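**Q** The structure under discussion is supplied below as structure tokens; questions concerning it will follow.
The values are calculated or read from the model by the stated rules, or taken from the named source; none is laboratory data. Quick caveat: nothing in here was measured; it's all calculated off a predicted structure. Here the Cβ positions follow ideal geometry from the backbone for every residue, glycine too, while neighbour counts run over all protein chains shown. Protein only, heavy atoms only, side chains kept; ligands, DNA and RNA dropped before computing areas. Shrake-Rupley method; radii C 1.70, N 1.55, O 1.52, S 1.80 Å.
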Amino acid sequence: MSEIANITLLQLSWDDILFQHVLPYLTLKDCFNLRSTCKLCRELVDSYFAIIKNINISMLKTFNGPAFNVFVQNCKSIRHINLAYCNWFEDKLLKRLFYNNTHLSYVNLSGCLGLTSACLQPLIVFCKDLKSLKLKNCHWVTVDCIEALTFHQNNLEEIDLTSCWDLGDESLIAFIKKFRRLRVLCISNIYSVTDITMFAIAHYSQCLEYLNISGCWRIKDDGVRMVGEYCRNLHSLLVKDCHYITERSLGCLRNRIFIDKSDYSQYYRDLHHPVPIMGLNL
């Protein structure tokens, strides 16, 4: 009994006990604090980082390059990574992480303004399991990036290209033709997008469930009507600030699709045909 009482934390099985039932309940901050206590704890945490599959530092404002370099050196099994709005990132760190984790399926780089398009090269070429890529407000995304993605990848189901201003109809159409299993497509605030892209979506994206075209002010009713008719799995359509999209196309979709733009048609009809008040015909 005394022998059992003298067993320390680090003498427990790392693989069967600590990695499975202890360390997963620690925050990343806790893991780094533990790592700093002694050489053996550092070895423990580094070995744990080698098997973790999810990293989310999007909300950690105190995280920085040297801390992330610990992940780069040790992580080999990541599947999901969320780095949204970490503006301290540099291409070199991210490229090394992609090289070391080729089974990534979910990557969120939204709002990482310190990167360039070069950071995506190893992700695009080597990470063939990629299904979800979020690049919202990544103004550095180029047409060449999307062309490379179209050429090298096969399994994408979700992509967020919100405010990737360099893109337009031509690059998006080629992308849509390739990835016919897209379920989520966000091309909000890409101001050059027109109904031509919408026609391509209607023709090739039969699996689409969520479409965000808010702020794409060149898109009109014809494009929305085509998407609504052919994309029968669509259940969410975001069209705010699309001034040429009206109830002519939205009206017939409202009974089966969530639309973020309110229907003011009845309000305007009531303005032109006011009801009698207190028995008076006004």
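**Q** How large is the charge dipole for segment 1-142, taken about the Cα centre, if only the Cβ atoms of Lys, Arg (+1) and Asp, Glu (-1) carry charge, to the nearest 20 debye?
**A** Dipole size: approximately 540 debye.
**Q** Checking the table 131/240; 92/134; 39/61; 53/128; 92/177; 95/128 against a 21 Å threshold on Cα-Cα, which pairs fail?
**A** 131/240; 39/61; 92/177, as the Cα separations exceed 21 Å there.
**Q** Could you tell me how many degrees, from 0 to 90 and to the nearest 10, lie between the Cα long axis of helix 169-178 and the main elongation axis, the longest principal axis, of the Cα atoms of the chain?
**A** Between the helix axis and the principal axis of the chain, the angle is about 60 degrees.
**Q** A further question follows. Which value, in debye to the nearest 20, gives the size of the charge dipole of the chain about its Cα centre, when Lys and Arg are +1 and Asp and Glu are -1 at the Cβ?
**A** My answer is approximately 160 debye.
**Q** Round to the nearest 10 and give me the degree value, 0 to 90, for the angle of helix 221-230's Cα axis relative to the longest principal axis of the chain.
**A** 60
**Q** If you put +1 on each Lys and Arg Cβ and -1 on each Asp and Glu Cβ, how big is the dipole of segment 49-106 around its Cα centre, in Debye rounded to 20?
**A** Using only the charged Cβ atoms, the result is roughly 140 debye.
**Q** Provide Rg and Dmax in Å for the chain, with only Cα atoms included in the calculation.
**A** 24.9, 96
**Q** Please give the length that would be gained between residue 90 and residue 221 if that part of the chain were fully extended, namely 0.36 nm times their separation in residues minus their C-alpha to C-alpha distance (nm, one decimal).
**A** Between residue 90 and residue 221, full extension yields an extra 43.0 nm.
**Q** Still on this structure, I have one more. Quick one: with all protein chains in place, what share of the accessible area of the chain is carbon or sulfur, to the nearest percent (1.4 Å probe)?
**A** 55
**Q** With θ set to phi - 60° and the Karplus curve 6.51 cos²θ - 1.76 cosθ + 1.60, what are the ³J(HN,Hα) couplings of segment 239-247 in order, to the nearest whole Hz, using x for Gly and Pro?
**A** Couplings: 9, 4, 6, 9, 6, 9, 9, 10, 5 Hz.
**Q** Could you check the simple spin-label distance between residue 248 and residue 79, using points 7 Å along Cα→Cβ, in nm with one decimal?
**A** According to this spin-label approximation, the distance is 4.8 nm.
**Q** Continuing with the same structure: Accessible area per residue of segment 64-200 at 1.4 Å probe, in Å²?
**A** 39
**Q** Shifting gears a bit: Report the full-extension gain for the segment residue 144 to residue 62: residue separation times 0.36 nm, less the Cα-Cα distance, to one decimal in nm.
**A** Stretched out fully, the residue 144 to residue 62 stretch lengthens by 26.2 nm.
**Q** May I pose another question? Which distance in nm do the two modelled labels at residue 113 and residue 181 give, with both placed 7 Å along the Cα-to-Cβ direction?
**A** In this crude spin-label approximation the distance works out to 3.7 nm.
**Q** Now for a separate question. Largest first and to the nearest Å, give the Cα extent of segment 7-133 along each principal axis.
**A** The Cα atoms of segment 7-133 stretch 51, 29, 20 Å along their principal axes.
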